[in-house]
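Chemist: I have a structure here, written as structure tokens, and I will follow up with some questions on it.
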Amino acid sequence: AQRVTQPEKLLSVFKGAPVELKCNYSYSGSPELFWYVQYSRQRLQLLLRHISRESIKGFTADLNKGETSFHLKKPFAQEEDSAMYYCALLYSNTGKLIFGQGTTLQVKP
Amino acid sequence: GAGVSQSPSNKVTEKGKDVELRCDPISGHTALYWYRQSLGQGLEFLIYFQGNSAPDKSGLPSDRFSAERTGGSVSTLTIQRTQQEDSAVYLCASRTSGVLYEQYFGPGTRLTVT
């Protein structure tokens, strides 16, 4: 069955420290994965997708099919990165997204 | 140029009452989704509408939940005989027909069942 797992509910780091938000998936087909972010009092929004291999706000994520992972990384965390992060898997051609449980990133000054 | 809007922003109801949550998608967006966001459960898919096709109701947790989309635009999510476990933030999202993954989310309706 298709599933997205984010093992950490809360990740707390100090400003300037590296950060890695973990995401593992289970999917029988060719996966398309995304990271969505929700800042405090803002709407959930798309952060990045694996196909584009882009860096957004200093974040990158590499799809590792061998480990079925799509971890989100940033070398130097900033306080404004504090937010809830959701990993999502595109399931079927309907655009149905399967989300993980979410990880709250807290960047302390 | 408004985004997805939802109303009400907050709803407190007594257990056993029915509630209706409304979603106004971005104009021209053909696809509309409802999700439930609750602590410990993350974001759960509830239902999906695409044009005039039959909706994908596979995520609705029970028959107390239903949704409709009138005129291919506004959608209403109805929860009958609410239970305390229905307390959550209900999110609506819409997208264009072309880009499957980029869903635009509304601000959500926080439902509290007392």
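Chemist: What number goes with the only condition from (1) over 14 Å from the mean Cα position of the chain (by Cα); (2) buried (at least 18 other Cβ atoms within 10 Å of the Cβ); (3) more than 14 Å from chain B (Cβ to nearest Cβ) that A:P31 does not pass?
Modeler: Among (1) over 14 Å from the mean Cα position of the chain (by Cα); (2) buried (at least 18 other Cβ atoms within 10 Å of the Cβ); (3) more than 14 Å from chain B (Cβ to nearest Cβ), A:P31 violates only (3).
Chemist: Another question about this same structure. Quick one: which of A:K22, A:K15 is at negative phi, of a type in the set (K, R) and within 12 Å of the chain's Cα centre (by Cα)? Explain how you work it out, then say what you get.
Modeler: Values: A:K15 fails: within 12 Å of the chain's Cα centre (by Cα).
One residue alone meets the criteria, A:K22.
Chemist: Still on this structure, please answer the following. Name the pairs: first residue in region A:4-31 and of a type in the set (D, E, K, R), second residue loosely packed, with under 13 Cβ neighbours inside 10 Å, Cβ to Cβ under 6 Å, at least 6 apart or on different chains?
Modeler: Listed pairs, sorted by first residue: A:K15/A:E79; A:K15/A:P109; A:K22/A:P7.
Chemist: I need the full set of residues from region A:75-97 which are open to solvent by 10 Å² or more (accessible area, probe 1.4 Å), in a strand (DSSP E or B) and at pLDDT below 90, in order please.
Modeler: Across region A:75-97, the qualifying residues are A:L90, A:Y91, A:K96.
Chemist: Which residues, counting only those in region B:23-40, are over 22 Å from B:P8 (Cβ atoms) and either within 11 Å of the chain's Cα centre (by Cα) or facing chain A (nearest Cβ under 9 Å) (or both)? So that I can check it myself, show each step before the final result.
Modeler: We begin by selecting, within region B:23-40, every residue over 22 Å from B:P8 (Cβ atoms); these are B:28, B:30-31, B:40.
If the condition is that a residue be over 22 Å from B:P8 (Cβ atoms) and either within 11 Å of the chain's Cα centre (by Cα) or facing chain A (nearest Cβ under 9 Å) (or both), then B:A31, B:G40 are the ones that fit.
Chemist: Test A:K15 against the stated conditions and say whether it is open to solvent by 40 Å² or more (accessible area, probe 1.4 Å) and out of contact with any helix residue (DSSP H, G or I) (no Cβ under 7 Å at 6 or more places or on another chain).
Modeler: Numbers: open to solvent by 40 Å² or more (accessible area, probe 1.4 Å): yes; out of contact with any helix residue (DSSP H, G or I) (no Cβ under 7 Å at 6 or more places or on another chain): no.
No: the conditions fail for A:K15.
Chemist: Taking region A:62-88 on its own, how many of its residues are more than 10 Å from chain B (Cβ to nearest Cβ) and under 21 Å from B:A93 (Cβ atoms)? Don't jump to the end; show me each part of the working.
Modeler: Filtering region A:62-88 down to residues more than 10 Å from chain B (Cβ to nearest Cβ) leaves A:62-83, A:85.
Restricting the remaining residues to those that are under 21 Å from B:A93 (Cβ atoms) gives A:70, A:72, A:83, A:85.
Residues in region A:62-88 being more than 10 Å from chain B (Cβ to nearest Cβ) and under 21 Å from B:A93 (Cβ atoms): 4 in total.
Chemist: Would it be correct to say that B:R64 is free of Cβ contacts under 8 Å to residues at least 24 places away in the same chain and more than 13 Å from every other protein chain (Cβ to nearest Cβ)?
Modeler: So B:R64 fits the description; yes.
Chemist: Looking only at region A:39-51, decide whether some residue is surrounded by 17 or more Cβ atoms within 10 Å (Cβ to Cβ), more than 11 Å from the chain's Cα centre (by Cα) and in contact (Cβ under 8 Å) with a residue 40 or more places away in the chain.
Modeler: Within region A:39-51, one or more residues are surrounded by 17 or more Cβ atoms within 10 Å (Cβ to Cβ), more than 11 Å from the chain's Cα centre (by Cα) and in contact (Cβ under 8 Å) with a residue 40 or more places away in the chain.
Chemist: Now for a separate question. Restricting to region B:30-40, name every residue that is open to solvent by 20 Å² or more (accessible area, probe 1.4 Å) and touching a residue at least 40 places away in the same chain (Cβ under 8 Å).
Modeler: Quick first cut of region B:30-40, residues open to solvent by 20 Å² or more (accessible area, probe 1.4 Å) only: B:30, B:36-40.
Answer for region B:30-40, where residues must be open to solvent by 20 Å² or more (accessible area, probe 1.4 Å) and touching a residue at least 40 places away in the same chain (Cβ under 8 Å): B:T30, B:R36, B:Q37, B:S38.
Chemist: Please find, among B:R81, B:R95, the residue that is away from every other protein chain (no Cβ under 14 Å) and either surrounded by 14 or more Cβ atoms within 10 Å (Cβ to Cβ) or on the phi > 0 side of the Ramachandran plot (or both).
Modeler: Answer to the check: B:R81.
Chemist: Cβ-Cβ under 8 Å, sequence separation 6+ or interchain: first residue in region A:87-100 and aromatic (F, W, Y), partner surrounded by fewer than 20 Cβ atoms within 10 Å (Cβ to Cβ). Which pairs?
Modeler: So the pair list comes out as A:Y91/A:Q2; A:Y91/A:Y27; A:F99/B:E44; A:F99/B:F45.
The values are calculated or read from the model by the stated rules, or taken from the named source; none is laboratory data. Nothing here was measured: the structure is a model prediction, and the numbers come from that model. Please note: Cβ atoms are built from the backbone with ideal geometry, for glycine as well, and neighbour counts cover all protein chains shown. All accessible areas refer to the heavy atoms of the entire protein, side chains included, with ligands and DNA or RNA removed. Shrake-Rupley method; radii C 1.70, N 1.55, O 1.52, S 1.80 Å.
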